[in-house]
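These notes are about the structure you will find just below.
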Amino acid sequence: MEFALQLQNVSKNYKDFSLDNINISLPYGCIMGFIGENGSGKTTTIKLILDLIKRDSGTITILGQDNIKDIKKVKENIGVVIDESCFPEMLTLAEVNCILKNIYKTWDNNKFEILTKQFSLQKDKKIKDYSKGMKMKLSIAIALAHDTKILILDEATSGLDPLIRDEILDVFRDFIQNDRHSIFMTSHIISDLEKICDYITMIHHGKIILNQSTDELMESYGILKCSEADFKTINPAIVKGFRKNSFGIEALVLKNGIRGNFVIDNASIEDIMVYSVKEAKL
Amino acid sequence: MKALIIKDLLNLKGQYKIIIAIFVFYAMISFGSSDASFLFGMISVIMVLLTITSISYDERSKWDKYALTMPVNRQDIVISKYLLGLILASVALVLNLIFTLLFSDLSTSESVAVPFALFGVSLLFLALVLPPLFKYGVEKGRFIMMMIFFVPTGVIIIASKMGNISIGNDILNNLPYILVISLIIAVGISIKASLRIYNNKEM
């Protein structure tokens with residue numbers, strides 16, 4: 001199988017934190033959601049992918065090319081949104097367009113105009129007067145307005161209101177219509193990821209602890225609600241995490257391991273993340 | 001590369017009005033006192049500082065990190081700052097030459113030499129200051145910048161107090177060439193150092 005983005009045994013060590021043997025494979029035509037709590041290593045992973053920091057070991061390929069050797073050519077096909085990083089503040093939209101025209105050989109003026117109009121970004125306003133959401137929308141427009149084949153998004157939808165987020169998800173869905181296009185995205189707004197991602201990868205303390213297709217995840221996991229006595233009869237191997245409350249036990253379980261008559265609700269990805277991470281902490 | 005320089009020149013446009021105001025102000029003073037040397041120094045200093053201002057703007061919006069996700073490599077970013085410095089120092093040179101023609105007594109060859117000397121000093125200053133700025137950023141690099149300003153000044157003042165320093169005629173006659181060659185070497189070493197620092201920088 002060919003992958004749009006592939007990380008193999010990638011490690012990076014800091015004094016107080018390390019990314020440990022990260023393996024990620026994103027097939028062409030798919031959207032992968034990359035989740036994990038704050039400080040789990042999401043942004044570090046993205047920085048490694050973009051060669052903003054040097055990896056200690058492992059290999060990373062983007063669109064089939066090594067991310068260090070052939071990066072300049074490949075960058076023409078990568079669209080990136082990084083949280084808080086933007087154009088210098090004194091520039092206006094028209095000036096940004098003029099600069100980008102000189103950066104990307106494949107810059108698409110028309111598309112940029114359409115997107116900025118759709119996102120209602122004002123032309124003659126300086127970037128320093130943009131709100132956080134507007135800066136985000138500007139970055140998204142830039143990420144899409146060249147010959148983009150893969151989008152790498154770090155918290156691209158956080159800080160935006162639900163309406164705009166919905167609109168942006170539609171833009172992403174449009175983008176993914178082409179089966180050679182792919183998206184790798186992190187977000188804390190997991191409901192967004194649930195709506196659009198084909199795969200979910202979860203990182204915790206610098207290790208990948210979960211990597212599955214969204215459908216599989218939703219099918220295999222469930223939230224079991226039962227009394228403490230009943231809970232003791234369940235095979236602990238299928239319990240991924242639980243919490244006690246006054247009504248009994250709520251547990252994240254593998255559905256197909258449950259025998260007998262129990263109430264099992266669907267688990268959202270948010271449930272899966274919260275319970276798994278809690279379990280890992282115990 | 002071109003794009004990065006366009007970006008800096010556009011981004012600095014807010015500064016131009018202030019600079020023009022300063023020019024007009026000092027030009028009037030110089031016109032009144034018919035001594036333009038102060039104006040020359042001001043123009044050069046302002047132009048050199050603009051280069052540093054552009055780096056601090058980039059830092060504030062975390063631009064470098066963003067630019068590196070585009071078809072821009074680390075070398076482009078480093079070289080573009082040196083080119084920006086060269087462009088701005090050249091603007092200062094041209095302005096100073098124009099002011100020399102307007103205000104100074106052209107009978108002395110000295111008055112034409114001053115703008116060129118300032119141009120050289122501007123480039124030397126940038127050569128000294130850019131590597132530490134790439135390493136530590138403008139905020140932390142400020143102290144180093146001050147040292148680069150003050151240490152040579154201090155040395156010159158002390159040297160002048162120590163009395164006569166005799167320089168041989170041979171050296172004095174060839175001084176312009178010696179200075180130009182050392183300047184080129186200094187800039188070369190500076191660019192090499194900056195590239196090395198920036199290539200190893202974690203964003």
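What is the distance in Å between the Cα centres of the range A:168-231 and the range A:234-259?
Their Cα centres are 20 Å away from one another.
B:Lys13: which aspartates and glutamates have alpha carbons under 15 Å from its alpha carbon, excluding same-chain residues fewer than 8 sequence positions away?
Cross-link targets: A:Glu89, A:Glu95, A:Asp124, B:Asp58.
Any idea what the relative contact order of the range A:3-205 is, in percent, if you count C-alpha pairs under 8 Å spaced at least 6 apart?
Value for the range A:3-205: 32 percent.
Computed over the Cα atoms of the protein assembly as shown, what is the ratio Rg over Rh, Rh following Kirkwood?
My calculation puts Rg/Rh at 1.12.
In the protein assembly as shown, with Lys and Arg counted as +1 and Asp and Glu as -1 at Cβ, which of these residues, B:Ile178, A:Leu91, A:Ser220, has the Cα nearest the positive end of the dipole, that is, farthest along it?
B:Ile178
To the nearest 10 degrees, how steep is helix A:162-176 against the longest Cα principal axis of chain A, on a 0 to 90 scale?
It works out to around 80 degrees.
Peptide B:62-68: average number of partner chain Cβ atoms within 10 Å per residue?
6
Which lysines does A:Lys225 reach when only Cα atoms under 26 Å apart count, and residues fewer than 8 places away in its own chain are ignored?
Of all the lysines, those that pass the test against A:Lys225 - Cα under 26 Å, at least 8 places apart if same chain - are A:Lys195, A:Lys240, A:Lys244, A:Lys255, A:Lys278, A:Lys281.
Using modelled amide H (1.01 Å from N, peptide plane; none on Pro or chain starts), what sits under 5 Å from the amide H of A:Leu5, excluding residues fewer than 5 places away?
A:Leu26, A:Leu63
Give me a comma-separated list of calculated 3J(HN,Hα) values for the range A:244-259, in order, Karplus coefficients 6.51, -1.76, 1.60 applied at θ = phi - 60°, integers in Hz, x for any Gly or Pro.
So the Karplus estimates, Gly and Pro as x, are 9, 9, 5, 8, x, 10, 10, 9, 8, 10, 7, 4, 6, x, 8, 10 Hz.
Decide, for the range A:157-217, between rounded, prolate and oblate: order the square roots of the alpha carbon gyration tensor eigenvalues as a ≥ b ≥ c, take rounded if a/c falls under 1.5, and otherwise choose prolate if a/b is larger than b/c, else oblate.
Oblate, because a/c is 1.5 or more while a/b does not exceed b/c.
Using θ = phi - 60° and the Karplus curve 6.51 cos²θ - 1.76 cosθ + 1.60, what whole-Hz ³J(HN,Hα) does each residue of the range A:260-271 get, with Gly and Pro shown as x?
Listing the rounded values in order: x, 9, 10, 8, 10, 8, 5, 9, 8, 5, 4, 4 Hz.
Need one word for chain A: rounded, prolate or oblate. Basis is the Cα gyration tensor (sqrt eigenvalues a ≥ b ≥ c); a/c below 1.5 gives rounded, then a/b vs b/c decides.
Prolate, since a/c reaches 1.5 and a/b exceeds b/c.
Run the numbers on chain B and let me know its relative contact order in percent, using alpha-carbon pairs under 8 Å that are six or more apart.
Over chain B, the number comes to 27 percent.
How much FRET efficiency would the formula 1/(1 + (r/R0)^6) give for B:Met146 and A:Asp16, where r is the Cβ-Cβ distance and R0 is 30 Å, rounded to 0.05?
0.35
If R0 is 25 Å, what FRET efficiency do you get for A:Glu37 and A:Phe247 from their C-beta distance, rounded to 0.05?
0.40
When a/c is below 1.5 the answer is rounded, else prolate if a/b is larger than b/c, else oblate, so apply that to the range B:2-199 with a ≥ b ≥ c taken from the square roots of the Cα gyration tensor eigenvalues.
oblate
Charges only on Cβ, +1 for Lys and Arg, -1 for Asp and Glu: so what's the dipole of chain B about the Cα centre, in debye to the nearest 20?
For this selection, approximately 820 debye.
Describe numerically, in nm with one decimal, the distance between label points set 7 Å from Cα along Cα→Cβ at B:Ile189 and at A:Gln8.
Placing both labels 7 Å along Cα→Cβ, they lie 4.5 nm apart.
Going down the list A:Lys73/B:Lys135; A:Lys72/A:Lys135; A:Lys15/B:Lys140; A:Lys54/A:Lys75; A:Lys54/A:Lys137, which pairs span over 19 Å between their C-alpha atoms?
Listed pairs above 19 Å: A:Lys73/B:Lys135; A:Lys72/A:Lys135; A:Lys15/B:Lys140; A:Lys54/A:Lys137.
Under unit Cβ charges (Lys, Arg +1; Asp, Glu -1), what dipole magnitude, rounded to 20 debye, does the range A:164-282 have relative to its Cα centre?
About 680 debye.
Report, in debye and to the nearest 20, how large the dipole of chain A comes out about its Cα centre when Lys and Arg carry +1 and Asp and Glu carry -1 on their Cβ.
I would put it at about 620 debye.
Just so you know, all these numbers are worked out from the coordinates, no wet-lab data involved. All figures in this text were calculated on a predicted structure; none of them were measured in a lab. Using ideal geometry, Cβ is built from the backbone for each residue, glycine included, and neighbour counts are taken over all protein chains shown.
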